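Here, each number is a calculation from the coordinates, and none is a lab measurement. The shown structure was predicted, so the numbers you read here are calculated from the model rather than taken from an experiment. Neighbour counts are summed over all protein chains in view; Cβ atoms, including those assigned to glycine, are modelled from backbone coordinates with ideal geometry.
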Amino acid sequence: MQESLNQGNRPGAPIPAQRRGLKLSDILVTILVSLVLGVIYHFWSSVYKLFSPLFFQADELVYGMWFIAATLVFLLIRKPGVAVLAEVAAAHVEILFGSEWGIQLVLYSVLQGLGAELVFALFRYRKFSGSVAALAGVGASVGSLIPDIYYGYVADYSTWMLIAKYSMRAVSSALIAGYLAYALAKAVEATGVTSLLRPVAAKDYAALED
Amino acid sequence: MKKWLNPSFTTWMHRANPVLKLVLVILLFFVALFTHRLDFMFYQAVMFTLLLFWQSGYAFWKVLLIVLSFGLVFISSSSTMILFGKGDEMWWEWGLIRITEESFYRGIHIGFKSVTFASEGLLFVLTTSSVDLFYALMQKVKLPPKYAYSFMASIRLLPMVWEEFLIRRNALRIRGARSLKGPRGWFAGIKMYAVPLLSQSIRRAHRVAVAMEAKAFNGNGRRSYYYPSLFTRYDPLAAAVFAAAVVLALMLSDVFPLFHIADVRYSANP
């Protein structure tokens, strides 16, 4: 059944170069996984509220969870464009649930996804380490800062407040969207399921010849 | 439950094309985003909340429940700015908390802005089904069908993931799985659920994608659509309603200004 997708799977057969862009299977996997994460996003706001009584703005410490779709799905699929698509799809769950923030969150998610995508692009989509994912998480948090400047006038906070709030957000993004996503991606990879998404490439066969 | 969530009557907003509504709501977002005059912001919040009662298609008391929750939205979005915003005209100081006249008005401005966003977002979300939105996006803005159908298929697959989650939870309970304390234990706990659910989702999505490719859902050629998405006379009506709300808010803020603050930004008032 999978042969139709993984063209050139037969050893010895000429292996066509990987077509550019996302295939339907990439998109569907991205969106389904992101929707699942989006459901977690939805319920994460209660965790967020649990943290807020700890100390003022303590809720920023768990903010990074809202960027995990971008990094986790990219680490699994490893193709350009996946990070933005994942973040938007995860935000779409809020529209599905009829939340008042639905459209606003989708607009935010575009910037957050772009922030993460840009970091992966800077590494030419070839680095999949925990640190790169952490950087991408920070990129996503920068993306979330941009609309805040116009929406929440955060530049008019007292300076210490501004720095405290956004550095906590950046740290949590690096930890949750970065290292946690990396650890999860590795654990999922250990099940062997990602071989469906990244079928053996030409260079793998070339390595066999050596 | 299902019936409770359905709108009780159909309004112009329901009949307008989802793509047009999406564009209009995004435009309205930008109007609100770049509004720095407190009076205009206040009247926008009022107008769109009223519009929600008129156009959402839900019974008055249901909309009232939602609008009451806007109080919480108002408080949570305005409090940080009120307590920690920049300003010179000191009202109250206690430790790090400095409430100034400027920060107070900027805070309630953000509160009204959030209420405006919330009611504009709800106007869209409550009057548009996801399927209609994707069919309209495919036909009116040429979103490639592979994206739209992937979204719609994934939405159908979500309940299966939920079922799997319940099965996993019961299985772990029967096996007496207990997670350890501390960060290591948390991670083990997350992994116990995340790994099987994620890998199973990937497998299922991949299988469905193979079937969809076989049915040429990934094609880029011309295709017909089960639900044709059209522009009708309700589209100009919806646009007129939104435009009227903004214009009315602007006029009211000129005729009956409550706060007399031209710009709430700190940098704008040196």
Which one of B:G95, B:V31, B:P159 is farthest out on the positive end of the charge dipole of chain B, using unit charges on Cβ (Lys, Arg +1; Asp, Glu -1) and the Cα centre as origin? B:P159
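Listing A:F67, A:F51 from the residue with the fewest other Cβ atoms within 10 Å to the one with the most, what is the order? List each step's numbers first, then the result.
Details: A:F67 35, A:F51 16.
The most exposed by this proxy come first: A:F51, A:F67.
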Under a 10 Å cutoff between Cα atoms, tell me which one of B:R207, B:R98, B:R37 has the largest fluctuation in the Gaussian network model of chain B. B:R207
Ranked by GNM mean-square fluctuation in chain B (Cα springs under 10 Å), the top entry among B:L96, B:L123, B:L250 is B:L96
In degrees between 0 and 90, to the nearest 10, how far off the longest principal axis of chain A does helix A:181-190 point, with axes built from Cα atoms? 30 degrees
When a/c is below 1.5 the answer is rounded, else prolate if a/b is larger than b/c, else oblate, so apply that to chain B with a ≥ b ≥ c taken from the square roots of the Cα gyration tensor eigenvalues. oblate
Output the 0 to 90 degree angle, nearest 10, between the alpha-carbon long axis of helix A:130-151 and the longest principal axis computed from the alpha carbons of chain A. 40 degrees
How charged is the neighbourhood of B:H260? Take every other residue with its Cβ under 12 Å from the Cβ of B:H260, and add Lys/Arg as +1 and Asp/Glu as -1. -2
Have a look at A:Y153, A:F56, A:V36 and report the one farthest towards the positive end of the charge dipole of the stretch A:21-209, computed about the Cα centre with Cβ charges (Lys/Arg +1, Asp/Glu -1). A:V36
Assign unit charges at the C-beta atoms only (+1 for Lys and Arg, -1 for Asp and Glu), then state the dipole size of the stretch B:158-257 relative to its Cα centre in Debye, rounded to the nearest 20. 1000 debye
Please check: in the Gaussian network model of chain A (C-alpha springs, under 10 Å), which one of A:L180, A:L96, A:L111 has the largest mean-square fluctuation. A:L96
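Hey, with R₀ at 35 Å, roughly what FRET efficiency would B:L72 and B:E101 work out to, going by the Cβ-Cβ distance, to 0.05? Walk me through the numbers on the way to the answer.
Values: r = 25 Å, r/R0 = 0.71.
The value I calculate is 0.90.
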Under the helix-only model (-39500 (n - 2.57) for each DSSP H run of 4 or more, divided by the residues of chain A), the mean residue ellipticity at 222 nm, to 500 deg cm²/dmol, is -20000 deg cm²/dmol
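Stretched out fully, how many nm does the piece from B:I190 to B:H260 gain, at 0.36 nm a residue minus the Cα gap?
Working: separation 70, 0.36 × 70 = 25.20 nm, distance 5.25 nm.
Computed gain between B:I190 and B:H260 is 20.0 nm.
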Please name whichever of B:S114, A:G137, B:V131 sits farthest to the positive end of the charge dipole of the protein assembly as shown, dipole taken about the Cα centre and charges placed at Cβ: Lys and Arg +1, Asp and Glu -1. B:V131
Which lysines, on any chain, are close to A:K127 with Cα under 16 Å apart, when same-chain ones fewer than 8 places away are left out? A:K79, A:K186
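Can you give the FRET efficiency for B:T10 and B:A211, using 1/(1 + (r/R0)^6), R0 = 51 Å, r = Cβ-Cβ distance, to the nearest 0.05? Don't skip to the answer; put the middle values down first.
Numbers: r = 35 Å, r/R0 = 0.69.
Calculated value: 0.90.
Place a +1 charge on the Cβ of each Lys and Arg in the protein assembly as shown and a -1 charge on the Cβ of each Asp and Glu, then give the dipole magnitude about the Cα centre in debye, rounded to the nearest 20. Could you put the intermediate results ahead of the total?
Values: 45 positive and 28 negative charges, 433 e Å.
Here the size comes out at about 2080 debye.
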Length added when fully stretched, B:R168-B:E89, from 0.36 nm per residue minus Cα-Cα: 22.6 nm
Note on chain A: contact order normalised by length, alpha-carbon pairs under 8 Å, 6 or more apart, percent, works out to 25 percent
Counting lysine pairs in chain B that sit 8 or more positions apart or on different chains, with Cα atoms under 27 Å apart, gives 15
Would you mind checking the tilt of helix B:38-55 against the longest principal axis of the Cα atoms of chain B, expressed as 0 to 90 degrees and rounded to 10? 50 degrees
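Let's see if you can work this out: charge +1 on each Lys and Arg Cβ, -1 on each Asp and Glu Cβ, no other charges. What is the dipole magnitude of the stretch B:1-130 about its Cα centre, in debye to the nearest 20?
Numbers: 10 positive and 7 negative charges, 154 e Å.
About 740 debye.
Compute the signed sum of charges (Lys and Arg +1, Asp and Glu -1) over the other residues within less than 14 Å, Cβ to Cβ, of A:S158. Can you show the working numbers first?
Working: positive: A:K165, B:K86, B:R98, B:R106; negative: A:D156, B:D88, B:E93, B:E102.
Summing Lys and Arg as +1 and Asp and Glu as -1 gives 0.
Please work out how much length the chain gains when fully extended from A:F97 to A:F43, using 0.36 nm per residue of separation minus the C-alpha to C-alpha distance, in nm with one decimal.
Values: separation 54, 0.36 × 54 = 19.44 nm, distance 1.14 nm.
Length gained, A:F97 through A:F43: 18.3 nm.
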